[in-house]
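The values are calculated or read from the model by the stated rules, or taken from the named source; none is laboratory data. If you're wondering where the values come from, they're calculated on a predicted model, not measured in any experiment. Glycine gets a Cβ as well: all are built from the backbone with ideal geometry, and neighbour counts include every protein chain shown. Calculation scope for accessible area: heavy atoms of the full protein, side chains included, ligands and nucleic acids excluded. Shrake-Rupley method; radii C 1.70, N 1.55, O 1.52, S 1.80 Å.
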Amino acid sequence: MIKIVFYGLAAMLGLFSPPVLAETKAYQIELIVFLQTQPNTEVFDQVSSEIEWPSGLTELSAYNKAENTTLDDSYAALARDSAYRPILQVAWVQPVEEKGINSPVHIQGADGKLNGYLRIQHDQGLQMVVDLEFSSKSGDRGSKNLVYRLNEKRSVKLNEVYYLDHPKFGVIVKMSSL
């Protein structure tokens, strides 16, 4: 009789059943995008967007801005160096489910030249997918508008700074648990 009562209580408390909902944690994500002006010999011929936009894209404005940021010194160092030109610094707080793929966040520059997304995945460890394009749009009708794309998937560890490189622009990302 005691055994039956114990198993009944255990079943009611969920001790023998798997969790129904995945746990969600909040992360702070910091992102800096900058142009690189160093000469290179690579040839670029992309003239239109090649991003395959995922469903469920969420605008960055839907998330709370981060109260404290840790990459301000990196941004300032880039701004002081003539080889770089920072074009975007953002930091937000995003809920991330412990299992699966989370909503991609739309990343866009104020002038419309930078466009793309960042997505956090929590499959076998924490990963980020960054797919950004920078357009060389200019007012010149005769000049060719080129599009430079940085598309990368990388495993990440919390509180580490990551540098994603392209010959024309770079991205610095840091993800922290709250």
Review point. Which residues' amide hydrogens lie under 5 Å from the amide hydrogen of L126, considering only partners 5 or more residues apart or on another chain, with H built in the peptide plane?
Key: V156
Point to revise | Subset of K137/K174; K25/K113; K137/K168 violating a 21 Å alpha-carbon distance limit | key: K137/K174; K25/K113
Check your understanding: Using the per-residue mean of other Cβ atoms lying within 10 Å as a proxy for protection, in what order, highest first, do the peptides 77-89, 117-129 fall?
Key -> 117-129, 77-89
Revision key, fill the gap. Phi-derived 3J(HN,Hα) across segment 68-83 with the Karplus relation (6.51, -1.76, 1.60, θ = phi - 60°), rounded Hz, x for Gly and Pro, is 10, 10, 10, 9, 4, 5, 5, 4, 5, 5, 5, 5, 7, 8, 5, 7
Practice item. Amide H neighbours of F169 under 5 Å, at least 5 residues apart or on other chains, H built in the peptide plane: list them. Key: Q36
Exercise for review: For V47 paired with E23, estimate the spin-label separation in nm (one decimal), with each label point 7 Å from Cα along the Cα-to-Cβ line.
Suggested key: 5.3
Exercise for review: Quick one: pull the percent of accessible area on segment 89-178 belonging to carbon and sulfur, 1.4 Å probe, ligands and nucleic acids left out.
Suggested key: 44
Exercise for review: Pull up all non-local amide H partners of I107: gap of 5 or more, or a different chain, and H-to-H distance under 5 Å with H placed in the peptide plane.
Suggested key: G116, Y117, L118
Check your understanding: Over segment 20-95, how many percent of alpha carbon pairs lie in each 5 Å bin up to the one with the longest distance?
Key -> 3, 11, 15, 15, 18, 15, 13, 7, 2, 1, 0
Revision key, fill the gap. For T41, T24, the accessible-area ranking with a 1.4 Å probe, largest leading, is T41, T24
Check your understanding: Solvent-accessible area per residue for segment 106-178 at a 1.4 Å probe radius, Å²?
Key -> 49
**Study point:** ³J(HN,Hα), Karplus 6.51/-1.76/1.60, whole Hz, each residue of segment 37-46, x for Gly, Pro
**Key:** 9, 5, x, 8, 9, 5, 9, 10, 10, 6
**Study point:** segment 50-178: mean projected area of Cα convex hull, nm²
**Key:** 9.0
